[in-house]
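Below you'll find the structure, written out as structure tokens, and then a few comments.
The values are calculated or read from the model by the stated rules, or taken from the named source; none is laboratory data. Please read these numbers as outputs of a predicted model, since none were measured by experiment. For neighbour counting, all protein chains shown are included, and Cβ atoms are generated from backbone atoms with ideal geometry for every residue, glycine included. With ligands, DNA and RNA removed, areas are computed over all heavy atoms of the protein, side chains included. Shrake-Rupley method; radii C 1.70, N 1.55, O 1.52, S 1.80 Å.
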Amino acid sequence: MSSHIPFDIITRILSNLDIKTLLCFRSVSKGWRSLIDSSGFINTHMSLSIKTNTNNTLLILGEGGLNPINFDDLSPGDLLNLQDQPFISIGWQDVRLMGSCNGLVCLSNDDGDVVILNQSTREHKRILSLVRHGFELSVSSAPDEHWVWGSGYGFGYDAVSNDYKVVSIAKFLGIGFTSFKESEMKIYSAKKDLCGVIKIPNDMLFTNDKMGVYVHGSLHWIAKGFGIWRDIIVGFDLGLDEFREVPQPDYGGNIVIDIDLGVLGSYLCVFAKFRDRSADVWIMKEYGVEESWSKVFSISRNVLFYDSVRALSYSRRGTEVLLELDEKRLVWYGMETRRVVDVVIQGRKKERLEAILCLNSLVPPDGNDRVVNSQQPTKEQKKNEEEEVLLDLVFLEVLGLMIELLNVCIFQLSFST
């Protein structure tokens, strides 16, 4: 019987269940809710999903909301259907994705309003008019003597303080773009509900208003090395609040005309486009180590046309990669066959398209634990909670046996009549 099953074994069993089932189990009792809501269980469940590459959802930004697609069952050639009413309604116009991390997805609108959302539990946290306003120019200048342009944004996890952060970058240019003054980054902490501003080194000029790529606790963008005017990869460590230049692959002397960043597996990924429109795709197997760059595949010229590309994920069988092109198309690219298969999306109403891969998790959007307790539970309290969970499991087993017996009786009665 279940009363003889060790508690840690029960925890492991529950860790293998999907989010929908776990949300139902929260209603069984206080003990089950306390277990499932605990940060330890949430992290265990999330780590197992990452390790097994399961519980993933492809989120497609539609008309004012998000449409989820079960990525675990998605294969190249499958037809995607968007719902007439989005599964998760945002209620904003001109929404865009800011990033996804550990089951949380971050979105914003043109007014700078931001929402951090757990698409599995539908819990959310709104941050109104915070990220894109309130930048301060430290150099001496009148208010009408500079322009502010968006130069990047992102969302990720700070493991040092166990916090989720939203960032937005602005650069300050003189009127008529005649001079560059400085760049700043605004950082919002979901856990503290506070916002701060830090200066960006002047030798890093952010030129594209793109989503930062979150890998290894850092957000990454392509910037210009000020004075040398070449593309560099800039990483911002969310735990240390530090900028660093990330080394690039050895392109073998080929002239790179454009670089795009993405994530493949858990690795930072680089798309390097050459003059003949061909491209090489690299992953950094050991973060920060230049020699660890490995070329995973190439894209022949005249096979795939794009201005910007973002890698979303490998296919389940690992022979294709899902790409978002120019915020308009989703395609599967066969790394061995070098064939391109467009993802057909029914119900699509506008040309612009954004997609992101999101883990299904129980992580709360405010970054705080659901179980609020100022004191650590005593051994006796912990033992009582474990016994309560065990008793509930016994009850569920008995209930299951009763349901099976009832089904047998119904079958026999229907057969006899």
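Assuming R0 = 22 Å, what is the FRET efficiency of ASN162 and ARG244, from their Cβ-Cβ distance, to the nearest 0.05? Walk me through the numbers before you get to the answer.
Details: r = 22 Å, r/R0 = 1.01.
In this case the efficiency is close to 0.50.
Using the per-residue mean of other Cβ atoms lying within 10 Å as a proxy for protection, in what order, highest first, do the peptides 183-190, 271-278 fall?
Numbers: 183-190: 20.9, 271-278: 16.9.
Ranked by mean Cβ neighbours within 10 Å, highest first: 183-190, 271-278.
Under a plain spin-label model, where a point goes 7 Å from the Cα along Cα-to-Cβ, how far apart in nm are ARG348 and LYS328?
Here the modelled spin labels are 1.1 nm apart.
For region 195-240, what relative contact order do you get, as a whole percent, if you take Cα pairs closer than 8 Å and at least 6 residues apart?
In percent, rounded to a whole number, it is 32.
Scan around LYS191 for amide H atoms under 5 Å from its own, H built in the peptide plane at 1.01 Å from N, and keep only partners 5 or more places away or cross-chain.
Placed amide hydrogens put TYR164 under 5 Å from LYS191.
Does region 214-303 come out rounded, prolate or oblate by the C-alpha gyration tensor, with a ≥ b ≥ c the root eigenvalues, rounded set by a/c under 1.5 and, if not, prolate when a/b is larger than b/c and oblate if not?
The shape class here is oblate.
Find how much the distance from ILE257 to ASP307 grows on full extension, using 0.36 nm per residue of separation minus their present alpha carbon separation; answer in nm with one decimal.
16.9 nm
Let's test the formula: R0 of 22 Å, r as the Cβ-Cβ distance of ASN16 and SER266. What FRET efficiency results, to the nearest 0.05?
0.60
Give me the 1.4 Å probe accessible area per residue for region 277-371, excluding ligands and nucleic acids, in Å².
48 Å²
Can you pull out the trypsin sites (Lys or Arg not before Pro) in region 299-350 that DSSP calls coil and that have at most 14 other Cβ atoms within 10 Å?
Those that pass, being in a loop and sparsely packed, are ARG301, ARG317, LYS328, ARG338, ARG339, LYS349, LYS350.
What nm value, rounded to one decimal, do you get for the distance between GLU182 and ASP111 when each label is placed 7 Å out toward the C-beta?
Computed distance between label sites GLU182 and ASP111 equals 3.1 nm.
Report the gain in length on full extension from THR337 to VAL289: 0.36 nm times residue separation, minus Cα-Cα distance, nm rounded to one decimal.
Extending this stretch completely gives an extra 14.3 nm.
Output ³J(HN,Hα) for region 31-47: one whole-Hz value per residue in order, computed from phi by the Karplus curve 6.51 cos²θ - 1.76 cosθ + 1.60 with θ = phi - 60°, and x for Gly and Pro.
For region 31-47, the Karplus-derived couplings read x, 5, 5, 4, 5, 5, 7, 5, 5, x, 5, 4, 5, 5, 4, 5, 4 Hz, x marking Gly and Pro.
Give LYS51/LYS328; LYS171/LYS210; LYS171/LYS273 a once-over and call out the pairs whose C-alpha atoms are over 24 Å from each other. Let's see the in-between values first.
On the way: LYS51/LYS328 31 Å; LYS171/LYS210 14 Å; LYS171/LYS273 26 Å.
Beyond 24 Å between Cα atoms: LYS51/LYS328; LYS171/LYS273.
Working out 0.36 nm times the residue gap between SER39 and ARG230, then minus their Cα-Cα distance, what length gain in nm do you get to one decimal?
Separation in residues times 0.36 nm, less the Cα-Cα distance, equals 64.4 nm.
Could you give the nm distance between label points at LYS192 and VAL296, where each point is 7 Å from its Cα heading toward the beta carbon?
3.5 nm
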